[in-house]
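The values are calculated or read from the model by the stated rules, or taken from the named source; none is laboratory data. Quick caveat, the model's predicted, so the values are computed rather than measured. Don't worry about glycine lacking a Cβ; one is built from the backbone with ideal geometry, like all the others, and counts go over all protein chains shown. The area values use the complete protein model at the heavy-atom level, side chains included, leaving out ligands, DNA and RNA. Shrake-Rupley method; radii C 1.70, N 1.55, O 1.52, S 1.80 Å.
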Amino acid sequence: FTKPTQGNCLNRILYSTIEANNALLENNLFVDLSNVTIDSDTSQKGYLKNNRFIRTMVHGRSPAIKIIGDSTKQSKDNVFVWTNMLTPEGDGIIIKNQQNFSFVGIDAESWNHNKKATYPGMMNVFNTDFLSVFMSEGGDANQIGQYFNLDAKNIVLQGMRIGPTKKPGIILGNNVAKLLTVNTQNIGLTK
């Protein structure tokens, strides 16, 4: 592809996977994704820019959301609004090589419960300049997995209500420069 796929509205997609490898997706709207995984790898070519994912639900599949960009971080300004992940057997969310990324409203329940996960956290973010998460909640019934595994340069977490885990609920990587938490009652800490 030499021109981006842009300005589209994809509505009411059921029991499927949205796969966007080596794609150029820009200014698209994805609405009402029911039991739909998202799998995008633009590490070799392509990008995702300014796309909106509204009401994404995934049940029993993993990774639920995987978005991998290139090392120059062309991908940016993508937003998920109301994301619901029910018992992903392994990884929940994997985000890598993004300029910025935002989530508004996440509910996750019992991730990594079959120990097939590559990463320990429900949300795993790497090599990203800015991550914003607003209103995230949920819990791991087995209390074995961390909620956040974050290695983004700048992070804002607002309104967290995460259930307890046996290990710390948040892991911060070596590249974290600034972390701001607001109205964070729990991030999965038992103590």
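For the range 115-131, a residue qualifies if it is open to solvent by 20 Å² or more (accessible area, probe 1.4 Å) and modelled with pLDDT of 90 or more, and the qualifying residues are F126, N127, D129, F130. Among the residues making up the range 144-161, a single one is more than 18 Å from S102 (Cα to Cα) and either in a strand (DSSP E or B) or touching a residue at least 40 places away in the same chain (Cβ under 8 Å) (or both): Q146. Working carefully through the options G173, G138, find the one that is more than 24 Å from I54 (Cβ to Cβ) and open to solvent by less than 70 Å² (accessible area, probe 1.4 Å). Residue meeting the stated conditions: G173.
Right, T184: farther than 22 Å from N50 by Cβ, over 13 Å from the mean Cα position of the chain (by Cα) and crowded, with 19+ Cβ neighbours inside 10 Å or not? No: the conditions fail for T184. Considering the range 67-86, and only residues there that are surrounded by fewer than 20 Cβ atoms within 10 Å (Cβ to Cβ) and not hydrophobic (A, V, I, L, M, F, W, C), the residue that is nearest to M123 (Cα to Cα) turns out to be N84.
Of all residues in the range 9-55, those satisfying the criterion of being of a type outside the set (D, E, K, R), without any contact (Cβ under 8 Å) to a residue 24 or more places away in the chain and under 20 Å from S102 (Cβ atoms) are C9, L10, I18, V36. Applying a threshold of 7 Å to beta carbon distances and a minimum spacing of six or more residues, or different chains, the list of pairs starting in the range 97-110 at a residue that is closer than 17 Å to P164 by Cα and polar (S, T, N, Q) and ending at one that is open to solvent by 40 Å² or more (accessible area, probe 1.4 Å) and not in a strand (DSSP E or B) reads S110/T87; S110/A141; S110/N142.
Among the residues of this structure, K178 counts as one that is loosely packed, with under 14 Cβ neighbours inside 10 Å, out of contact with any Gly (no Cβ under 9 Å at 6 or more places or on another chain) and closer than 14 Å to F130 by Cα. None of F30, F53, F103 is among the aromatic types (F, W, Y), closer than 17 Å to E137 by Cα and buried (at least 17 other Cβ atoms within 10 Å of the Cβ) except F103.
For the range 1-114, the strands (runs of 3 or more DSSP E) that sit wholly inside it and include 3 or more residues that are within 28 Å of N175 (Cβ to Cβ) and at pLDDT 95 or above are 24-26, 29-41, 47-49, 52-59, 65-68, 78-86, 93-109.
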